[in-house]
Structure formats: structure tokens, C-alpha cells
Amino acid sequence: MRTATILAGLFRSAAASDVHADSDILFGMLPDWPRWAIRLLFIMGSILTVTLLGTYFGYTPEDEKGLDDKSKSSAAQSKLHAEFNTFRTQYICVYLVIMLADWMQGTHMYTLYLSYGVNISALFLTGFLSGAIFAPFLGSAVDKFGRKKSCIVYCVLEIIINTLEHSTNFHLLLLGRVLGGISTNLLFSAFESWMTTEHRHRGFPDSWLARTYSAASIGNGTMAILAGVIAQVMEDKLGHIGPFQGAIALTVLALILVSRWEENYGEKQEGEHSKSSLYHQFTEGWKATLTDSHIWRIGMTQSLSEGAMYTFVFMWVPTLLSMDPPGGLPTGAVFSALMMAVTIGGLLFQPLETFVSNYMVSESNASELSASLIYILAASSMAVPAYCLSNASSSAHCFEDILAAFMVIEMCVGLFMPVAGTLRSKYVPDNLQGGILNIFRLPLNAVVVAGTHATDVMEPANVFVLVSGCFLAAALLQATLITKPAEVVANGKKTN
């Protein structure tokens with residue numbers, strides 16, 4: 001809660017500066033938003049800038065120190081770093097393009113369907129059910145038929161889906177949501193599976209995976225901010241369908257970039273994928289998940305944390321609206337501030353892991369402890385709105401505290417996205433990654449459904465208690481994975 005309190009103090013300090021005449025002139029030059037929203041963007045933008053400069057100039061990974069030496073070992077290490085940076089850029093470029101396209105759709109899908117006058121809830125429910133039905137089988141197909149091919153299928157599906165969005169025919173829109181459930185599963189399994197397996201095929205150290213996940217988290221937050229601006233401009237120019245037309249163009253670009261990737265499969269030995277059946281991949285994925293406690297604990301931990309995050313996503317707008325903020329609620333401005341917080345979290349991930357490994361636990365347990373600490377911070381931040389909203393006498397004066405808590409939870413999202421990816425790459429076997437990552441989505445969907453239902457039938461304060469509880473449960477379960485040095489787990493198997 002201390003972080004949220006500090007941020008709240010910054011918001012209040014900024015509020016005290018309203019008396020200055022220069023402030024009036026400055027605000028007169030900015031968009032017609034409430035002053036608290038402009039202060040929020042200024043504060044978050046300043047924190048992001050300081051964090052970016054601090055991590056860029058003040059943090060160097062341990063293995064990159066001394067690369068300027070002239071020794072042969074240093075030259076070999078420099079070459080490996082250069083190859084890794086090229087590979088990471090190749091992956092991140094595709095990731096950023098597909099996430100920009102995805103964010104552009106997500107921010108305007110509701111308004112598009114509203115303009116069509118169709119049953120919006122039926123369409124969203126169809127997409128969710130499609131994802132839940134196909135999740136157990138789709139990942140095995142990704143491992144069997146190839147991760148690159150699966151990424152290409154994703155791009156083709158997204159082009160078809162966004163083309164169908166041009167139609168006002170309810171049945172065609174329904175078909176688009178069915179395909180959308182399939183493409184969502186591919187988005188969160190095929191690309192990551194390809195990256196982790198290719199990373200190891202090229203001989204890069206496993207510890208460097210965290211850098212790719214961190215860059216992806218930073219980029220995801222940046223793309224979300226950018227998507228809001230681009231999608232709004234395209235909607236102004238082309239109508240409600242504009243952002244979806246932009247998403248088609250971006251997906252075509254992603255398709256071209258993916259076509260240059262090498263193929264990899266869910267296999268222990270080269271060529272093994274051609275001998276194994278889809279049924280074999282499916283059963284092996286479930287067997288590994290149910291029999292290896294490390295795998296199912298990672299799955300449950302991440303389902304609890306991501307499910308709590310999605311429940312928060314449903315809650316933040318109605319919660320802030322219910323507090324009747326002065327001047328109204330510019331959701332676009334607040335959303336941009338939240339995404340800045342995600343980017344800040346992504347920037348802080350690698351320094352956090354370095355600190356944890358240097359001063360708290362061994363390097364082999366750094367990700368596990370980091371994840372537990374992140375989930376505890378997330379639980380604490382969600383306790384703030386739970387407390388404020390449950391106390392009627394103080395809720396009217398808690399707007400700044402709740403807003404600060406929302407910034408902290410999004411910073412935690414930026415932190416636990418890369419740590420979750422690092423832990424998945426550590427415990428989930430390469431040859432079963434696609435299948436197991438989709439199996440993880442089953443409990444995630446269950447938590448999301450429960451959380452969504454809770455927002456309809458429970459008081460907001462009690463919903464935030466549940467969200468905080470989910471993060472706390474995730475922290476405790478994650479802590480059980482902190483092992484003794486002799487029990488280090490590598491690539492899904494114990495080494496002792």
C-alpha cells in the first residue's frame with residue numbers, strides 16, 4: 001500500500017499548485033479534460049521518463065559487463081549477444097505489430113457492435129465459449145503441425161475476422177466471434193512457443209529469455225497507448241469500422257514478417273513431430289500438466305493472477321465513475337496513464353530480478369521470489385479500493401488513493417507479464433509448450449467467468465476483496481516453487 005500512498009501524495013501535491021497563475025495558462029493550452037486527469041498524465045509520464053532513463057543508463061545486465069574487452073572469450077560473447085539481439089528484434093517486431101492490431105480492435109469492438117444494433121452480449125459470450133471449447137485441443141495442434149504455421153494461421157484468421165466485422169449480418173458477426181475464440185488461443189500460445197523453442201535451438205542462455213519477455217511487456221504497454229490514439233484517428237476519418245481496417249493492414253504486415261521465420265515443432269528430437277500423432281501430443285500435454293506439480297502450480301498461479309487482472313479490467317471504469325470525479329471521467333486519458341504504468345513495470349522487471357538474485361535468493365530462485373513479491377504488491381494495491389469503498393464515510397475522499405492504487409496494479413501487470421513468461425519457459429517442456437499453454441487457459445477462463453459474474457451480483461468493495469484474495473493466493477502458491485539449490489528445475493524436469 002505504501003507505493004499507492006506515495007502516488008496519492010503526488011496527486012494531492014500537484015492539486016495544491018492550482019493557485020499559480022502559470023498553471024492556469026498551462027492548462028488552458030491543453031485538451032479540455034479535468035485538471036486531475038492532466039496531472040495524472042503528467043505525473044505518470046514523468047515517472048515513465050525517469051524510469052526509462054534510469055534503466056537505460058543506470059542498469060547493465062551482469063553478462064554484458066566487460067564486453068568491450070579484447071579477449072577471445074569476450075569477442076565470442078559479444079558475437080552471441082549480437083545474434084541474440086537480432087533474434088529478439090525479429091520476434092519483438094512481429095509481437096508489437098500483432099499487439100497493436102489487437103489493441104486497436106479491442107478498444108472499439110463494443111462501439112462497433114453498438115452501432116450495428118446487434119446482441120452484443122451474445123457475440124462476446126460466443127467468443128468466450130469458442131475459446132474455452134478449442135483451448136484443450138488447439139495447443140496440441142500447434143505443437144504437432146508447427147509454431148510458425150500456427151502463427152500464419154492466426155494472421156489469416158484475424159484478416160478474415162476483421163473483414164467479417166464490416167458486415168451488419170448477425171450470423172456473420174457470430175462466425176467472426178467463433179473464429180476469434182480460436183485466434184485468441186493461438187495468439188497466447190503459438191508465438192510464445194515459437195520464441196522460447198527457437199531461443200534454445202540457437203543456443204542462447206535460458207537466463208536471456210527474461211530480456212525478451214521484458215521487452216515484450218514494455219512494448220505491449222507502449223502499443224496500447226499508441227493504439228488508443230491511432231484507433232481514434234481512424235474512427236474519426238473512416239467511422240466505427242476504421243480501426244478494424246487498420247488492424248487488417250497491420251496483420252498483413254505481421255504475416256509477411258512471420259513468413260521469414262524458421263519453423264519449429266513440439267519435439268524432443270529433430271523430425272520427431274512427423275512420427276507423433278495429434279492424439280499423442282494432446283495426451284502427453286495433459287499427462288505432464290497433471291503429474292508434474294511444478295507445471296500445474298505455475299498454471300494455477302498464473303490463472304489466479306491473470307483472472308484477477310481481467311476482473312479489475314471490468315471494474316476500473318464503473319468504480320471511478322461511481323465516485324463522480326470533478327469534471328467527469330476521460331476514460332481515454334486514464335487508460336493511457338494505466339498503460340504507462342504497465343510500461344514502467346516492464347522496465348523495472350530486469351532490475352528487480354537482478355536485485356532479488358544478488359541480495360535475497362540464489363539466481364535459480366530469483367523469478368519465483370520476484371513473482372511472489374509482485375503478487376503481494378498487487379494484493380496490497382487492491383486492498384485500497386476494497387477498504388475505501390466499504391467505508392461510506394471515507395469513500396467520497398478516496399478518489400486519489402483509489403486512482404493511485406489502480407496505477408500500482410497496472411505496474412504489477414507490467415512486472416508479472418515477463419516473470420510469468422520466464423517461469424513458463426523454465427517449467428514447461430519445449431515439446432509440449434503449445435498444448436500446455438492452452439491447458440492453462442481453462443482455469444483462467446473459469447476465474448474470469450467467476451470474476452465477471454461477481455461484478456454483477458456483489459458490491460464493488462467485495463469484488464475488490466476477491467481480487468486482492470486471488471493475488472494473495474497466487475503469491476502463496478508461487479512461494480511453494482522456491483526450491484533448495486539442489487532442486488533446480490530446468491525445462492520441465494528436475495536436475496537432482
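Before moving on, here are some points about what is shown:
- Residues with amide H under 5 Å from that of Gly146, placed H, sequence gap 5 or more: Gly266
- Solvent-accessible surface (1.4 Å probe) assigned to Thr168 amounts to roughly 90 Å².
- Note on surface exposure: Arg35, Arg147 rank Arg35, Arg147 by accessible area, highest first, 1.4 Å probe.
- Sum of side-chain charges, Ala386 neighbourhood, beta-carbon under 15 Å (Lys, Arg +1; Asp, Glu -1): -2
- Heavy-atom accessible surface of the range 167-213: percent carbon and sulfur, 1.4 Å: 62 percent
- Additional length obtainable on full extension of the chain from Asp32 to Val233, 0.36 nm per residue less Cα span: 70.6 nm
- Positive minus negative residues near Tyr113 (Lys, Arg vs Asp, Glu; Cβ under 15 Å): -1
- When the pairs Lys149/Lys237; Lys79/Lys144; Lys148/Lys426 are compared against a 26 Å limit on Cα-Cα distance, Lys149/Lys237; Lys79/Lys144 fall above it.
- Considering only Cα atoms, the convex hull volume of the range 283-425 works out to 131 Å³ per residue.
- Only Lys, Arg, Asp and Glu carry charge here, each on its Cβ (+1 for the first two, -1 for the last two); on that basis the range 159-230 has a dipole of about 80 debye about its Cα centre.
- The share of accessible area on the range 315-437 that comes from carbon and sulfur is 62 percent, using a 1.4 angstrom probe.
- Per-residue SASA remark: Arg202, around 90 Å² accessible (1.4 Å probe; ligands, DNA and RNA not included).
- Neighbourhood net charge (12 Å Cβ-Cβ; Lys/Arg +1, Asp/Glu -1) for Ile161: -2
- Residue-level accessible surface for Met109, protein heavy atoms, 1.4 Å, Å²: 20 Å²
The values are calculated or read from the model by the stated rules, or taken from the named source; none is laboratory data. Keep in mind that what you see is a predicted model, and the values were worked out from it rather than measured. Here Cβ is always computed from backbone atoms with ideal geometry, including for glycine, and neighbour counts include all displayed protein chains. Just so you know, the surface numbers come from the protein's heavy atoms only, side chains and all, with ligands and any DNA or RNA stripped out. Shrake-Rupley method; radii C 1.70, N 1.55, O 1.52, S 1.80 Å.
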